[in-house]
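Have a look at the structure below before the remarks.
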Amino acid sequence: MRAYLRPFRTIPNAPAARPPSPRTVAGWILTHPGTLPESERLKMKYVLAHCPELAALTAHVRAFGRMLTHLEGDRLPQWIKAVRADDLPSLHAFANSLERDLAAVTAGLPLPRSSGVVEGHVDRIILWNQRCQAVCLCITSR
């Protein structure tokens, strides 16, 4: 009976794969294209093919990343002009903030040094100090 009925049964469609989360897509965009595994690169290519705004955003983010890694601060005004040509409001806000102090940003981009590590230590010390002050206030207010 099972063998007889098998051709008449309809095979249910396989459930569609869940779309990637926004956090996953953002990670793909912010990762250097050469370091993405092939499977994730294909998924990203599929997502970008179905969303032209996301494809434009990815192109701008990657161009900005190239400017940072190759220390090309002189290309920043061209990048801001290209960003303004697309309808990407959140990226426009970032471009506006860069343009407010364009001379300093352009001068700082070609420098081979970074204070990122030092800033991280300073932030950690400030947070530790704030916690200590909060504990002192709790102890003295009793």
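The values are calculated or read from the model by the stated rules, or taken from the named source; none is laboratory data. What you see is a predicted model; the values in this text were computed from it and never measured. To get the accessible areas, we keep the full protein, side chains included, count just its heavy atoms, and leave off ligands, DNA and RNA. Shrake-Rupley method; radii C 1.70, N 1.55, O 1.52, S 1.80 Å.
State the three equivalent ellipsoid semi-axes of the chain, derived from the C-alpha gyration tensor as the square roots of 5 times its eigenvalues, in descending order and whole Å.
Three semi-axes, in Å: 45, 30, 15.
Under a GNM of the chain (C-alpha, springs under 10 Å), which listed residue has the highest mean-square fluctuation: Ile29, Ile125, Ile80?
Ile125
Summarise the accessible area of the chain (1.4 Å probe, protein heavy atoms) by the percent that is carbon and sulfur.
For the chain, the apolar C and S fraction of the accessible surface comes to 63 percent.
Could you report the chain's accessible area per residue, 1.4 Å probe, as an integer in Å²?
Per-residue accessible area for the chain comes out at 80 Å².
If amide hydrogens are placed 1.01 Å from N in the peptide plane, which non-local residues have theirs closer than 5 Å to the one on Thr31?
For Thr31, no residues qualify.
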